[in-house]
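To keep things clear, I will list the structure first and then write my remarks on it.
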């Protein structure tokens, strides 16, 4: 019972921080408003770990490599600690397998962030179109790199933007692919859900 409580606390804390690191990555990728209060929060909370990592992991092509590496390392440490708690000792695990599990878990979380962000954008467009709330603006900025290519291929029909439906389909397909990949490398066998 104690192991399960520790695992739950570990998953909640690591998922919170991991989500903030990935949000910072996605905000930089989307070139979102840096001066937004939520962006500033993400920068302040992630800088203590990202700043030293940037010495070793450079960015490339507008992609913050240090944030991605940090996210994978946090996920790997979390999975390792879960395995320790489940086995009541240090497990014998292949580091390459742990790295593969971590990469898939991070990819899955990125897909989830996009999925829920698109839902938020759709709901806000119905409830409060043109809202200037900082959170709403950031969510719209995060989803724009995903929505823009679909909008170019599929223009609005009668003033109705159908691109979120296509994006949902793509995100769901990606989720299924990631889950099948995770099962094929044994991630589901340790009881960690993506």
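In table form, for the structure just shown:
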read-out: Zone residues, the stretch 90-114, relative to residue 63, backbone N less than 15 Å from point 7 Å out along Cα-to-Cβ; value: 103-104, 106-108, 110-111
read-out: Degrees between helix 2-29 axis and first principal axis of the chain (Cα, 0 to 90, nearest 10); value: 40
read-out: Alpha-carbon centroids, the stretch 92-132 and the stretch 151-179: separation in whole Å; value: 15
read-out: D_trans [Stokes-Einstein, Kirkwood Rh over alpha-carbon pairs] for the chain, 10 °C, 1.306 mPa s, µm² s⁻¹; value: 87
read-out: Projected label distance in nm at residue 123 and residue 77, using a 7 Å step from Cα toward the beta-carbon; value: 3.2
read-out: Exposure proxy ranking, count of Cβ atoms within 10 Å, fewest first, for 131, 102; value: 131, 102
read-out: Top of 103, 118, 13 by mean-square fluctuation, Gaussian network on the chain, Cα under 10 Å; value: 13
read-out: Listed residues 120, 42, 66, most fluctuating in the chain (Gaussian network, C-alpha, under 10 Å); value: 120
read-out: Using alpha-carbon coordinates, inclination of helix 37-53 to the longest axis of the chain, degrees; value: 40
read-out: Net length gained if the chain between residue 86 and residue 5 were fully extended (0.36 nm per residue, minus Cα distance); value: 28.0 nm
read-out: Label zone at residue 99, where the point sits 7 Å out along the Cα-to-Cβ direction: the stretch 35-69 residues whose backbone N lies under 13 Å; value: 69
read-out: Choice from 108, 47, 87 showing the highest fluctuation, given a GNM over the chain with Cα pairs closer than 10 Å; value: 87
read-out: Ellipticity estimate at 222 nm from DSSP helix runs (n ≥ 4, -39,500 (n - 2.57)) divided over the chain, nearest 500; value: -26000 deg cm²/dmol
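Every number here is computed from the coordinates shown, using simple stated rules; none is lab data. Because the structure is predicted, anything quoted here is derived from the model rather than measured. In this analysis, Cβ positions are derived from the backbone assuming ideal geometry, glycine residues included, and neighbour counts consider all displayed protein chains.
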